[in-house]
1. What translational diffusion coefficient, in µm²/s and rounded to a whole number, does the Stokes-Einstein relation yield for segment 25-74 at 4 °C and a viscosity of 1.567 mPa s, taking the hydrodynamic radius as the Kirkwood radius over Cα pairs?
2. Could you state how much accessible area Asp213 has, in square angstrom rounded to the nearest 10, with a 1.4 Å probe and all protein chains kept in place?
3. I'd like the distance separating the alpha-carbon centroids of segment 162-214 and segment 92-138, in whole Å.
4. Which FRET efficiency, nearest 0.05, do Arg131 and Arg209 yield, Cβ-Cβ r, R0 25 Å?
5. Grab the other residues whose beta carbon is less than 13 angstrom from that of Ser38, score K and R as +1, D and E as -1, and report the net.
6. Among 168-177, 152-161, 31-40, what's the highest-first ranking by average C-beta atoms within 10 angstrom per residue?
7. Take each of the peptides 136-144, 53-61, average the number of other beta-carbon atoms within 10 Å over its residues, and list them starting from the highest.
8. Across segment 123-140, in residue order, what do the Karplus-derived ³J(HN,Hα) couplings come to in whole Hz, using 6.51 cos²θ - 1.76 cosθ + 1.60 with θ = phi - 60° and x for Gly and Pro?
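The values are calculated or read from the model by the stated rules, or taken from the named source; none is laboratory data. Fair warning: this is a prediction, and the values are worked out from it, not measured in the lab. Cβ sites come from the backbone with ideal geometry, for glycine too, and all protein chains shown count toward neighbours. Please note that ligands, DNA and RNA were not included when accessible areas were found on the heavy atoms of the full protein model with its side chains. Shrake-Rupley method; radii C 1.70, N 1.55, O 1.52, S 1.80 Å.
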Amino acid sequence: MSRRRRPESEQRLSRAESKALTHRALLSAALRLLAHNSFDSISLREVTKKAGISPTAFYRHFDDMEALGLELVDESFGSLRASVRAARTDQSIYDDAIRGSIAVVAQHVNDHTDHMRFMSRERHGGIRRIRQAIRRELRLFADELAIDLASFPVHSKFSTEDRRMMADLIVGTIVTLSGELTDATEAEGEELVARATQQLRLITLGATRWRSDQPNRLAYDPADR
């Protein structure tokens with residue numbers, strides 16, 4: 001009895017699945033190599049060997065190594081922004097938003113250590129296009145945060161430029177925390193989280209005294225004398 005041939009649509013699906021698995025294997029192989037190396041120090045042959053495919057097969061998925069690196073940038077930031085945004089649930093309680101955001105970042109680093117290590121290291125790495133992509137993502141992160149800050153009563157009267165300046169400070173703190181957490185022990189991680197939480201509180205406390213109409217002066221309160 002002859003075997004029944006599978007429908008062509010199922011064959012196409014299998015090919016697509018196989019291609020997706022190979023694509024994922026290349027990204028995963030690069031991340032494993034990047035645990036101990038900078039991106040500009042790993043080669044296409046090393047990545048394909050780690051992934052278990054031939055070097056020529058690489059070009060069915062990426063134009064070059066930079067294209068692979070740019071996709072890793074997209075992956076690294078794709079879920080982080082959404083996760084932090086979701087943590088800012090109660091816009092009337094700033095301290096809860098700070099603690100919630102820091103907790104989400106710490107959990108994200110724990111779940112995506114390789115991605116966050118890559119992002120932290122290559123932010124100042126040797127490949128220009130990847131550096132630019134990371135900076136572009138950080139600017140987008142800060143732009144979205146600046147919009148969110150307008151929802152908090154304490155910042156509702158801030159100018160757009162001042163909200164963006166504050167967002168840059170917050171994002172900088174989060175990025176620094178993310179990079180430090182990738183190689184921290186559990187005890188060190190707790191200390192880093194506590195420090196970052198205090199840093200954000202300091203930023204937000206200072207912001208309550210900032211006056212957008214007089215950007216070079218802090219609001220004066222006689223009670224502070």
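1. Details: Rh = 10.6 Å.
For the chosen part, D equals 122 µm²/s.
2. Here the residue's solvent-accessible area equals roughly 110 Å².
3. If we compute the Cα centre of each part, the gap is 12 Å.
4. Numbers: r = 35 Å, r/R0 = 1.40.
Working from the Cβ atoms, E equals 0.10.
5. Details: positive: Arg117, Arg121, Arg123, Arg131; negative: Asp40, Glu46, Glu122.
Once all neighbours under 13 Å are counted, the net charge is +1.
6. Numbers: 168-177: 19.1, 152-161: 13.6, 31-40: 15.4.
Going by the mean number of other Cβ atoms within 10 Å, highest first, we get 168-177, 31-40, 152-161.
7. Values: 136-144: 16.3, 53-61: 13.2.
Output ranking for 136-144, 53-61: 136-144, 53-61.
8. Going residue by residue, I get 4, 10, x, x, 9, 4, 4, 6, 4, 5, 5, 5, 5, 5, 5, 5, 5, 5 Hz, with x marking Gly and Pro.
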